[in-house]
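J.: Here's a structure for you.
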Amino acid sequence: MKELFMDGKNWRTTDDVYDSFFQAVSAPSWHGRNFNALRDSICTGDTNDIKVPYRLVIQNFGSIEGDARKMAEDFVHLIDELKAQGCNVEIRVE
């Protein structure tokens, strides 16, 4: 499975999390910044250049601060939920 790396070392805002994911999957600039848009683009749409299957790896998870911390935790739960629903995506935190 292809691994896509996201580095949480300098994440402080929710936009930092979105920006890192969008870069990892080569998302278009108009991609929505909400979980419904993420759901659609990861499993059901042709939005991103990089498509499932893939494993997201969030490095430096313990360094995430501020608003980004809750967003990153929620993002991990979203990916786990998508996997449980049959989407061929995984996530690992380091």
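Derivation of every value follows stated rules applied to the coordinates shown; laboratory data play no part. Just so we're clear, the structure is a prediction, and the values are computed from it rather than from any experiment. For neighbour counting, all protein chains shown are included, and Cβ atoms are generated from backbone atoms with ideal geometry for every residue, glycine included.
J.: Can you say whether Thr13 is free of Cβ contacts under 8 Å to residues at least 60 places away in the same chain and either under 10 Å from the mean Cα position of the chain (by Cα) or more than 19 Å from Lys83 (Cα to Cα) (or both), as far as the supplied structure shows?
T.: Against the criterion (free of Cβ contacts under 8 Å to residues at least 60 places away in the same chain and either under 10 Å from the mean Cα position of the chain (by Cα) or more than 19 Å from Lys83 (Cα to Cα) (or both)), Thr13 qualifies.
J.: Suppose we filter the stretch 61-70 for residues that are surrounded by fewer than 13 Cβ atoms within 10 Å (Cβ to Cβ) and basic (Lys, Arg); how many remain?
T.: 1
J.: When the residues of the stretch 18-38 are filtered to those that are in a helix (DSSP H, G or I) and in contact with an Asp or Glu (Cβ under 9 Å, 6 or more places away or on another chain), which remaining residue is surrounded by the most Cβ atoms within 10 Å (Cβ to Cβ)?
T.: Ranking the qualifying residues of the stretch 18-38, first place goes to Ser20.
J.: Before we move on, is Glu3 loosely packed, with under 13 Cβ neighbours inside 10 Å and among the acidic types (Asp, Glu)?
T.: yes
J.: When the stretch 45-55 is examined, which residues are found to be surrounded by 14 or more Cβ atoms within 10 Å (Cβ to Cβ) and assigned to a loop (DSSP other than H, G, I, E, B)?
T.: Thr47, Asn48, Lys51, Val52, listed by residue number.
J.: Sort out which residues of the stretch 1-48 are closer than 19 Å to Gln59 by Cβ and of a type in the set (Lys, Arg), and write them in order of number.
T.: Residues satisfying the conditions are Lys2, Lys9, Arg12.
J.: Could you check Ala72 against (1) part of a helix (DSSP H, G or I); (2) without any contact (Cβ under 8 Å) to a residue 24 or more places away in the chain and say which number it fails?
T.: Only one criterion is unmet by Ala72, namely (2).
J.: With Ile42, Ile58, Ile91 as the choices, which residue is buried (at least 18 other Cβ atoms within 10 Å of the Cβ), touching a helix residue (DSSP H, G or I) at 6+ places or on another chain (Cβ under 8 Å) and without any contact (Cβ under 8 Å) to a residue 40 or more places away in the chain?
T.: None of the others qualify; the one that does is Ile91.
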